[in-house]
Each structure stands twice: as structure tokens, then as C-alpha cells.
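Q: Below is one structure. I have some questions about it.
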Amino acid sequence: MSGLLQSSGNGGYEHCIHCGALAAGPCARCDAPVCGDCSVLTEGGARVYAICLGCERRAGRSLTRGWMTVIGWFVMPILVLVLLLLVLGLFTR
């Protein structure tokens, strides 16, 4: 049941980890329950996610760094292989 609030035995209601109000949903990064006042929306992605204020302070609300990491994991090995092919091509002539 990812993305849904789970009951913690306090009457079936979860409370925000920042202010104690009734939570609207979990933080997209840390899965902690947060209310609408203690969450911000992410920027730079195909989908918009709500993250808590603590996660925003630690990592910011932009997803650009995450996308650059994913692209780096795909592009860097390809560039290394192309460079290796170019070097091998120079030595075989």
C-alpha cells in the first residue's frame, strides 16, 4: 500500500510530523505523514510530488539533480565505450 497513510493506533488518523495537525498524505521522499501546510510541491519532473519541509531543506524541491544522476548513469558508460572504440581504432590502423 505504497503512498497511503497507515494507521498508527491513534484513532485511525495520522498526524503531521512537523506541526501535529491531521496529515493529508505521506512525503514523497521520506514517507512521513505531512499536512498541506507543511509540504511543498516538487519542480522539474514529469509528475508533481509533495515533499515535507524537512526534505526540502535537506535536498531542495528541484528534481534536476536526480535526473542528472540518472542520465549520468546511462550516458557515462556509453561515452567510455565510444572513447575506447576510438582509441582502439587509432591503434589498429
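The values are calculated or read from the model by the stated rules, or taken from the named source; none is laboratory data. Predicted, not measured: the structure shown is a model, and the values here were computed from it. Cβ coordinates were reconstructed from backbone atoms using ideal geometry, including for glycine residues, and neighbour counts include every protein chain displayed.
Q: Which residue is surrounded by the fewest Cβ atoms within 10 Å (Cβ to Cβ), if the candidates are limited to the range 28-75 and must be over 16 Å from Glu14 (Cβ atoms) and charged (D, E, K, R)?
A: In this case the residue turns out to be Arg47.
Q: Kindly indicate whether Trp73 is in a helix (DSSP H, G or I) and touching a residue at least 12 places away in the same chain (Cβ under 8 Å).
A: no
Q: Still on this structure: Just checking, which of Trp67, Trp73 is at pLDDT below 85 and of a type in the set (Phe, Trp, Tyr)?
A: Going through Trp67, Trp73 in turn, just one is at pLDDT below 85 and of a type in the set (Phe, Trp, Tyr): Trp67.
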